[in-house]
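Report on the following structure.
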Amino acid sequence: MFYYSILRWLAVIPGIVLIVQVYKQDKIEKEPIGLLLKLLFGGALTVISAVLLETFGEWLIQTIFSIPSRITIAIDCFLVVGVAEEAGKYLVLKHLTWRHRAFNYRFDGIVYAVCVSMGFAIVENVLYVASGGFTTAILRALTAVPGHCIFAIFMGHYYGEAKVCEARGNIPGMDKYQRLAFMIPVLIHGFYDFCLSVDSLVATLTFFVFIVALDVYTIKKIKQYSSEDMPIFEPYGGFWGSDF
């Protein structure tokens with residue numbers, strides 16, 4: 001009983017720690033705790049839609065392609081898993097925050113997206129750790145949960161840019177950044193899963209190089225954008241971080 005209690009905590013704590021770390025980077029105006037809890041819960045619920053969509057997508061792939069190959073793995077990772085999981089997160093993010101009065105600073109988009117993503121990651125982690133045990137808990141705490149956080153930081157960055165564009169009356173810019181807020185996390189997520197799914201030494205080495213480089217890059221960027229955060233609804237000179 002004690003062992004399973006420890007496992008549950010090991011599954012939950014990494015996501016909470018990452019939320020707190022990102023929340024601390026929001027230095028100008030803290031977000032309402034009630035809204036953040038709604039985002040966390042909404043993200044957790046997207047596990048249901050992800051499972052249903054992934055089950056259908058994988059069945060469809062097996063029906064169309066009789067022999068598994070790297071092509072089918074790529075289709076599954078990018079077009080099924082990546083799309084199913086990131087679409088659910090994005091829809092919750094957009095529904096709960098786009099018109100919320102608290103969404104008034106550009107960095108808010110990152111805080112919101114991370115809360116949604118960690119809601120998903122915590123539930124997913126609990127399910128994996130329950131069947132995989134202690135080793136799975138440690139490995140996922142170092143890879144999968146931070147991975148979901150990174151996908152969310154990219155999503156939140158472009159989501160914040162889209163809100164800035166809307167406030168400035170730049171509708172084409174808003175549409176562009178909304179697309180990027182969905183597409184970039186899907187591509188990163190898909191590549192992450194593809195490297196893990198292909199049974200080869202090259203793919204494994206590529207995964208570790210990719211995740212380390214992505215971690216370093218994202219940590220540097222989130223600190224930069226935290227220090228450069230500005231109000232959405234005030235004039236300013238130029239877009240923040242459009243070179244992400």
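Coordinate-derived values only; no laboratory data. As the structure is a prediction and not an experimental result, all values here were calculated from the model. Ideal geometry is used to build each Cβ from the backbone, glycine not excepted, and the neighbour counts take in all protein chains shown.
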Exercise for the section: Can you give me the number of residues within the range 7-51 that are loosely packed, with under 14 Cβ neighbours inside 10 Å, free of Cβ contacts under 8 Å to residues at least 24 places away in the same chain and β-branched (V, I, T)? Expected result: 3
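Table: residues versus (1) of a type outside the set (K, R); (2) over 22 Å from the mean Cα position of the chain (by Cα).
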{"site": "K38", "(1), (2)": "no, no"}
{"site": "G42", "(1), (2)": "yes, no"}
{"site": "V51", "(1), (2)": "yes, no"}
{"site": "T55", "(1), (2)": "yes, no"}
{"site": "I64", "(1), (2)": "yes, yes"}
{"site": "S69", "(1), (2)": "yes, yes"}
{"site": "D76", "(1), (2)": "yes, no"}
Practice task
May I ask you to list the residues in the range 115-132 that are among the aromatic types (F, W, Y) and surrounded by fewer than 21 Cβ atoms within 10 Å (Cβ to Cβ)?
Solution key: Y128
Practice task
Can you confirm whether the range 99-107 contains a residue that is under 29 Å from L7 (Cα atoms), surrounded by 14 or more Cβ atoms within 10 Å (Cβ to Cβ) and of a type in the set (A, V, I, L, M)?
Solution key: no
Exercise for the section: Determine whether E54 is surrounded by fewer than 21 Cβ atoms within 10 Å (Cβ to Cβ), acidic (D, E) and more than 18 Å from R140 (Cβ to Cβ). Expected result: no
Practice task
Please work out which one of (1) hydroxyl-bearing (S, T, Y); (2) loosely packed, with under 15 Cβ neighbours inside 10 Å; (3) in contact with a helix residue (DSSP H, G or I) (Cβ under 8 Å, 6 or more places away or on another chain) is the condition S69 fails and give its number.
Solution key: (3)
Exercise for the section: Kindly check whether there is at least one residue in the range 43-52 that is farther than 25 Å from Q178 by Cβ and among the hydroxyl-bearing types (S, T, Y). Expected result: no
Problem - Residue check, Y112 surrounded by 20 or more Cβ atoms within 10 Å (Cβ to Cβ), out of contact with any helix residue (DSSP H, G or I) (no Cβ under 7 Å at 6 or more places or on another chain) and more than 30 Å from A203 (Cα to Cα) - result: no
